[in-house]
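Beneath this line is the structure, given in structure tokens, with notes to follow.
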Number of protein chains: 4
Amino acid sequence: MTKNIVSSRISKSYIAVAQNASGRNLNVPVYRISDGLKGPTIYIQSSIHGAEVQGNVVIYHLLQWLKSNTINGEVILVPNCNPVGTNIKAGEYTLGRFDPVNGTNWNRGYYYEKDQVTRFVESVTEDESITSIKERFRAQIDKSIANKLAQNWGLGLAQQLNLKLQQIAVQADYVLDLHNGPVSTRHVYIPEYAKDAATAFSIPHCIFIPNVFAGALDEACFCPWWTLQDALDEKFGSAYDFGVEAFTLEMGSQEVIDFAEGEKDANSILGYLATKNVLHTQDYAPAKMQRLGVYLSDYKTLFTDFGGMVEYCVAPGQHVLSGEVMARILNVDELETDQGMQELRAPCDLIPILHFPSASVLSGTQLYKCFTKYFTLSES
Amino acid sequence: MTKNIVSSRISKSYIAVAQNASGRNLNVPVYRISDGLKGPTIYIQSSIHGAEVQGNVVIYHLLQWLKSNTINGEVILVPNCNPVGTNIKAGEYTLGRFDPVNGTNWNRGYYYEKDQVTRFVESVTEDESITSIKERFRAQIDKSIANKLAQNWGLGLAQQLNLKLQQIAVQADYVLDLHNGPVSTRHVYIPEYAKDAATAFSIPHCIFIPNVFAGALDEACFCPWWTLQDALDEKFGSAYDFGVEAFTLEMGSQEVIDFAEGEKDANSILGYLATKNVLHTQDYAPAKMQRLGVYLSDYKTLFTDFGGMVEYCVAPGQHVLSGEVMARILNVDELETDQGMQELRAPCDLIPILHFPSASVLSGTQLYKCFTKYFTLSES
Amino acid sequence: MTKNIVSSRISKSYIAVAQNASGRNLNVPVYRISDGLKGPTIYIQSSIHGAEVQGNVVIYHLLQWLKSNTINGEVILVPNCNPVGTNIKAGEYTLGRFDPVNGTNWNRGYYYEKDQVTRFVESVTEDESITSIKERFRAQIDKSIANKLAQNWGLGLAQQLNLKLQQIAVQADYVLDLHNGPVSTRHVYIPEYAKDAATAFSIPHCIFIPNVFAGALDEACFCPWWTLQDALDEKFGSAYDFGVEAFTLEMGSQEVIDFAEGEKDANSILGYLATKNVLHTQDYAPAKMQRLGVYLSDYKTLFTDFGGMVEYCVAPGQHVLSGEVMARILNVDELETDQGMQELRAPCDLIPILHFPSASVLSGTQLYKCFTKYFTLSES
Amino acid sequence: MTKNIVSSRISKSYIAVAQNASGRNLNVPVYRISDGLKGPTIYIQSSIHGAEVQGNVVIYHLLQWLKSNTINGEVILVPNCNPVGTNIKAGEYTLGRFDPVNGTNWNRGYYYEKDQVTRFVESVTEDESITSIKERFRAQIDKSIANKLAQNWGLGLAQQLNLKLQQIAVQADYVLDLHNGPVSTRHVYIPEYAKDAATAFSIPHCIFIPNVFAGALDEACFCPWWTLQDALDEKFGSAYDFGVEAFTLEMGSQEVIDFAEGEKDANSILGYLATKNVLHTQDYAPAKMQRLGVYLSDYKTLFTDFGGMVEYCVAPGQHVLSGEVMARILNVDELETDQGMQELRAPCDLIPILHFPSASVLSGTQLYKCFTKYFTLSES
């Protein structure tokens, strides 16, 4: 890791996350901003999926703001955290969601092992302080990641990339992973145990997720602490709270750069940081707005049974009633029959959150992801 | 070619344009609509570039209209004319502009040889009728294409596909090839010798192209007749007019299906056919609207010198003054410096007609195609 | 499912496993060969991964043989079982291992739920016959798959494809899934509970796999029966054996068609079927040959830490000693330094079974898969 | 261009040929080796097509040799000259022949304009020395390339890359562009006017090409000088010879790295340089071997009319008689009929030089490229 000093408050370093076929390091910039004041550590990365670029603009605006504003604690910004994914073009678009060699999703190789938490719990005594537990636990996770990275037979590219990022993220109290949907509203994934965070962001759609690890950064960051809290609560019969939170923020649509929207998203994040006492100004706060929530099990994917060419008839965020037309599918081989145009209707009341970005689909394509059985978290 | 009867007025047949790796024929549907009345032959195809799907909707609407309306002459509709290109996905999008095996543009393998026209001219006498010349010339082109297709060592996939389509198109008087731009206005390519056609379509942006063959269908259809006319004019000192026209119509953006817009585009084509006395109704006519024209040499491509992530700041169709910001390019590796965001400005007064569809670009990417030195063809 | 009669002994039908963007069904041929004699059902499919084509040649030879030879039971042959994967070209090669839209491995969407076995066990009484249990259990699996396929919101393409194939495979006693490695020896995956099958194939390298389901066809076919046997053994204290076996056979390298090798592989499968009393001839039997075995946990992947251009210095099947050079990696950016060529050495004694098929690799690429701690199953 | 001193005889610099989506320069290393002695300039580049990597090994060996041997003139080595193409993976292979955004072949954007030669000829007087003409002509080409690169609206990526390389190559007397075929023999493209060079390489198959420019580096390097020679010969009636030669060397198969073979190829190039008085040793000379030649018009491509799965039955370099089976094509959809396996036979006596690298092909795929009507240039 090389290190550059941008100013007395801001450092910029690079970590080499991969090497390409030309033998060159692929580096990720890491900005650290601190005024040396006590406070939490915040980790924010963007573009782990290569086509999801708008988070980079959000970080751009955050960095401009941080250049001239004092903060408590430390903010770590890691834009363009996947230089492999960003730079794989297939046709005019970016093939950014998975490794083109083997199909591995770039956001599924982070580290978490439940057994390790169980073993750690044995080492905790009732009188150990929160601070001490937190420090020891963090050190243990850090060491496990380092061991994984050092293993003899090597590791796959996506996993190496993920673990090198996680080595930084594991130091943080609050972790934000900035993503985009295909054609999408702004929405956020929130662990159920940190449900109150929903009203700390200015994001209209919130998905509450359980303590299940499927490889993503947010899960890798919150599962250990959630599991540890639960185990200690049970062991000692009291409520532990380590205050570690991690979120995946979906900042609109992929393949779009919009500086004005990015500034709003940066302000939304500053609003969240304001609730954590990171800012020295009163200028930012969560918006007063309608927020809708849904449990992950009610966040449903609508697949098409037909192959064909699709008109998306409802917009992300729109309230759709059961039976309304969501898509019209043209069958170019049957233009003269009544199979020429088929309609796909909403199977229940729902809100589409995102839809597929291409008009041409095979059968079994995920056309929409939808809120069903959603509920109101706050009113505007 | 198998043949199905849809009704007494409409037939549907299939031509096998390719065979896939499973050994199965890839068929293209060919609809022929005729009331047995005298009149011109019109050939309309769509989606030679796989991601350019909206033309299929236009043909869908044309077919609905033709089902219940009498016409002079014959209309031939060939939707989804490239079943290979339509079905190559690379990530979520369609890799439809070129053969993924070798990069060959699907719209560059049609047939035209200037020498053949020159030789044909020798066979024409001053007293030969237009009808006879037209028939003999068509037969000769047809035979040349058949010879090419039959050659001993075989032909490349794109060229085979093109020639099989051209075998049908060559029979037509008016040829319309329906395309889409990346993110694009509606615009049309018009051969200079058929300039008046500009006002027969209801399309705001018209590009006038010279008698140069670069492999595309429109060129392959008009170059022979244009060259023949010029040669006969010179040989006999009188004005020959065979009345063959061919156009590439760009019906908005790729990767979009929109039934309502498609109906408008179908009506625009019916307006053109009205000027050719194909329709029995007075309901359709070219719109009274502003139309702007440009010569191909003034239709300029703006490339970026930077790699980065791009915000497209001007919309297709918008009038832009020299020096206005057209794009902002984020350099994710320099967010803290003044290289973090660079602006690309208009090198002269221009109208962007289309822009690149992805936010992530390497240096040397074609960001915009623009009208410069354009002129007014008609006023609204 | 349409049905064709090839002969009184052989039928050919098609199942539609998907629909492409042109709205056309993608069909898979299903051959059923039977002489109406009692015996087991054998299911053999090939090319679930599109670039792994040699299994199709094996099925071709099996079909030729079956045309003129009597068998007990029924053989079901499903060549080219993934018409989507086979037909996705990316450059000159076939992008066949995963769905190009979302990276989903085509061999990870089959159905198995352990809970269902547990519930079924409750319904079994000590006096129920093996035949009856087998029949009821099969019917239950079949129904579960049908339910999954029928669900309201639809299913992803790979999963639909897998489940439609599994609906046929579930009827079989012996299931063979024909694959290829990248550049590979012939090897076979064998469930530990059917370990003896290792000597029934004429394949030199055998990998023994535990009762763990990760989505593949072989696992989906043997896990239910293995789990059921274990549960009934425990419940009733006696040894149940349903005689259901499933294997993944790796028939050499991908992107290769070789008719002579395919005939040998077909004969190897006939040798296996001979041990199951399917054949009426004594002409086929497992070969007398050296066979080596390894447990899955000792079948190791060797990744590269460098990006660069790779010479593969050891051949699949070769015995390699700890410390021998396995690969030389050229760093094109450091040709003048001693970093210009780096060597990757064997971390222990091993046999490489397959290696990556391309010379250009990023760091984290899986260069080799290797037998370590292997043992001899039979001697030549 | 940054510059590093490797030793007093060898310098290494980098030219930035592109910028990726992360805003980072993609650099190409340029080695210059000279002992300050009079002699020709030799330019050697490799891997303009990303999957054609073996030329990098050849340059590696050349560089090792040049480190410890004195030469006349200067050798310029440019390995891995296309860092974009090398690093585009699509599945396990490298999508290296064309820009994945638009299909542009990476070897078609070099500069040559015949008109410019014609205009230059006017400026030459009968008494101007060869040296002076050569210098002035080179300066003119150099300036034209610089002008193209500097133009206002920008240039496409492949063309920029090509022109930046050509700016170096244009200074050379002998230009070698190292390529590979798909699965291929070693062969070389030789301009007809430099036909004698055929026996200066140790390469068995030689293709003689006319004075036609289609965008490749060798053409861009020899067409101007060939055209100039012809024009001056005609103008002044005497034989001008500028001694500029350019070749495309096809060093075996793509996607293969082989250090031992690379050393042989390096020695073959040293043999060529020996004939140009570049070496101070007698150790290298063209091999005594059989060499076969063919005119480009007799170097034929054999396409398949069927789609299917292909066994390549003849090896590159093998002498094949008219009517011999060259390929067997499996039709996986017709395994039970006599269409199940079709044979493709040689249309005449020929030598296949290369074949397609994948077993799965659509109709219209280039299966083989073949010498026909070839002749012997030298005997072993």
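Throughout, read-outs are computed from the coordinates displayed, never taken from laboratory work. If you're wondering where the values come from, they're calculated on a predicted model, not measured in any experiment. Cβ: placed from backbone, ideal geometry, glycine included. Neighbour counts: every protein chain shown.
Across peptide B:98-110, how many C-beta atoms of other chains are within 10 Å of each residue C-beta, on average? Don't jump to the answer; show the numbers that get you there.
On the way: counts 8, 6, 14, 14, 9, 12, 4, 3, 1, 0, 1, 1, 0.
Shielding by partners across B:98-110 averages 6.
Got a sec? How would C:Ser13, A:Ser184 order by Cβ neighbour count within 10 Å, fewest to most?
Numbers: C:Ser13 15, A:Ser184 24.
Ascending number of Cβ neighbours within 10 Å: C:Ser13, A:Ser184.
Would you mind checking D:Lys67/D:Lys276; A:Lys12/A:Lys264; D:Lys12/D:Lys164; D:Lys12/D:Lys288 for any pair whose Cα atoms are more than 28 angstrom apart? Intermediate results must be reported in sequence, preceding the final value.
Details: D:Lys67/D:Lys276 19 Å; A:Lys12/A:Lys264 25 Å; D:Lys12/D:Lys164 16 Å; D:Lys12/D:Lys288 35 Å.
Cα-Cα > 28 Å for D:Lys12/D:Lys288; rest within.
Restricting to the protein assembly as shown, compute how many DSSP beta bridges are antiparallel as a %, nearest 5. Before the final figure, lay out the partial values.
On the way: 204 of 308 bridges.
Rounded to the nearest five, the antiparallel share is 65 percent.
Between D:Glu234 and D:Glu324, what is the label-to-label distance in nm when each label sits 7 Å out along the Cα-to-Cβ direction?
Modelled inter-label distance: 4.4 nm.
Could you work out the equivalent-ellipsoid semi-axes for region D:298-374, taking the square root of 5 times each eigenvalue of the Cα gyration tensor, largest first, in whole Å? Intermediate results must be reported in sequence, preceding the final value.
Details: eigenvalues 102, 30, 18 Å².
Rounded to whole Å, the semi-axes are 23, 12, 10.
Between D:Met289 and B:Gln167, what's the calculated FRET efficiency when r is the beta-carbon distance and R0 is 51 Å? Round to 0.05. Spell out each step's value before the answer.
Values: r = 49 Å, r/R0 = 0.95.
Computed FRET efficiency for D:Met289 and B:Gln167: 0.55.
Which of rounded, prolate or oblate describes the protein assembly as shown when judged by the alpha-carbon gyration tensor and an a/c cut-off of 1.5? Intermediate results must be reported in sequence, preceding the final value.
Values: a/c = 1.23, a/b = 1.21, b/c = 1.01.
Because its axes are fairly even, with a/c under 1.5, the protein assembly as shown counts as rounded.
What does the helix-only formula give at 222 nm for the protein assembly as shown: each DSSP H stretch with n ≥ 4 adding -39500 (n - 2.57), the total divided by the residues, and the result rounded to the nearest 500 deg cm²/dmol?
Numbers: 28 runs with 388 residues, N = 1520.
Dividing the helical sum by the residues of the protein assembly as shown leaves -8000 deg cm²/dmol.
Within 10 Å of each Cβ in B:255-262, how many Cβ atoms from other chains are there, averaged over the peptide? Intermediate results must be reported in sequence, preceding the final value.
Numbers: counts 7, 6, 12, 5, 5, 1, 1, 2.
Per residue, the number of nearby Cβ atoms from other chains is 5 on average.
Extending each Cα 7 Å along its Cβ direction at D:Lys148 and D:Leu37, get the distance between those two points in nm, one decimal.
Between D:Lys148 and D:Leu37, the simple spin-label model gives 3.5 nm.
Just report the Cα centroid separation between region D:165-219 and region D:1-50, whole Å.
21
Once the label point is placed 7 Å from Cα along Cβ, list for D:Met289 the distances to the corresponding points in the other copies, in nm, shortest first.
D:Met289 label point versus its equivalents elsewhere: 3.6, 6.5, 7.0 nm.
I need the shape label for region B:7-58. Rule: rounded when a/c is under 1.5, else prolate if a/b > b/c, else oblate, with a, b, c from the alpha carbon gyration tensor. Please list the in-between numbers first.
Values: a/c = 2.93, a/b = 1.61, b/c = 1.82.
Judged from the Cα gyration tensor, region B:7-58 comes out oblate (a/c at least 1.5, b/c at or above a/b).
By how many nm would the segment from C:Asp349 to C:Gln282 lengthen if fully extended, with 0.36 nm per residue of separation less the alpha-carbon distance? Let's see the in-between values first.
Details: separation 67, 0.36 × 67 = 24.12 nm, distance 3.97 nm.
Gain in length upon complete extension: 20.1 nm.
Can you tell me the 0 to 90 degree angle between the C-alpha axis of helix C:217-236 and the longest principal axis of chain C, rounded to 10?
In chain C, helix C:217-236 runs at an angle near 60 degrees to the longest axis.
For region D:239-278, what does the alpha-carbon gyration tensor say about shape, rounded, prolate or oblate, given a ≥ b ≥ c as the root eigenvalues, a/c under 1.5 as rounded, and a/b over b/c as prolate? Provide the component values of the computation, followed by the final result.
Working: a/c = 5.64, a/b = 1.97, b/c = 2.87.
Judged from the Cα gyration tensor, region D:239-278 comes out oblate (a/c at least 1.5, b/c at or above a/b).
Given R₀ = 51 Å, what would the calculated FRET efficiency be for B:Glu113 paired with C:Asp338, taking r from the Cβ atoms and rounding to 0.05?
Details: r = 58 Å, r/R0 = 1.14.
For B:Glu113 and C:Asp338, the calculated efficiency is 0.30.
Expressed as a fraction of 2.2 N^0.38 Å, the rule-of-thumb size for a compact globular protein of N residues, what is the C-alpha radius of gyration of region D:2-289? The partial results should precede the final answer.
Values: Rg = 18.6 Å, N = 288, 2.2 N^0.38 = 18.9 Å.
Against the empirical 2.2 N^0.38 Å value, I get 0.99 for region D:2-289.
If each label sits 7 angstrom from Cα along the C-beta direction, how far apart, in nm, is C:Asn277 from its counterparts in the other copies?
So the distances to the same position in the other copies read 8.0, 8.5, 8.8 nm.
Restricting to chain A, what percent of DSSP beta bridges are antiparallel, rounded to 5? Could you put the intermediate results ahead of the total?
Numbers: 51 of 77 bridges.
Beta bridges within chain A, antiparallel portion: roughly 65 percent.
Cross-link partners among lysines for A:Lys235, C-alpha distance below 19 Å, same-chain residues fewer than 8 apart left out?
A:Lys114, A:Lys134
Using the beta-carbon distance between B:Lys195 and B:Ala139 and R0 = 51 Å, what value does 1/(1 + (r/R0)^6) give for FRET efficiency, to the nearest 0.05?
Calculated value: 0.95.
Considering only chain D, pick the residue with its Cβ nearest the axis of the rotation onto chain C, and state the distance in whole Å.
Here the nearest residue and distance are D:Ala90, 2.
Which of B:His187, A:His179 comes first, and how do the rest follow, when ranked by fewest Cβ neighbours within 10 Å? Numbers along the way, then the final one.
Values: B:His187 29, A:His179 26.
So the residues, fewest neighbours to most, are A:His179, B:His187.
Please give me, ordered by residue number, the GluC sites (Glu not before Pro) of region C:264-338 that lie in loop per DSSP and have at most 15 other Cβ atoms within 10 Å.
Within region C:264-338, the qualifying GluC sites (Glu not before Pro) (loop, at most 15 other Cβ atoms within 10 Å) are C:Glu324.
Under the rule of at least 5 residues apart or a separate chain, name every residue whose amide H is placed under 5 Å from the amide H of D:Leu95.
Amide H neighbours of D:Leu95, under 5 Å, 5+ apart: D:Ile88, D:Lys89, D:Ala90.
Quick one: label points 7 angstrom along Cα→Cβ at C:Ser132, distances to the other copies in nm, smallest first?
6.5, 9.3, 11.1
Which of the lysines could be linked to D:Lys369 by a straight reach, that is with a Cα gap under 22 Å, when you skip same-chain ones fewer than 8 residues away?
B:Lys148, C:Lys89, D:Lys195, D:Lys300
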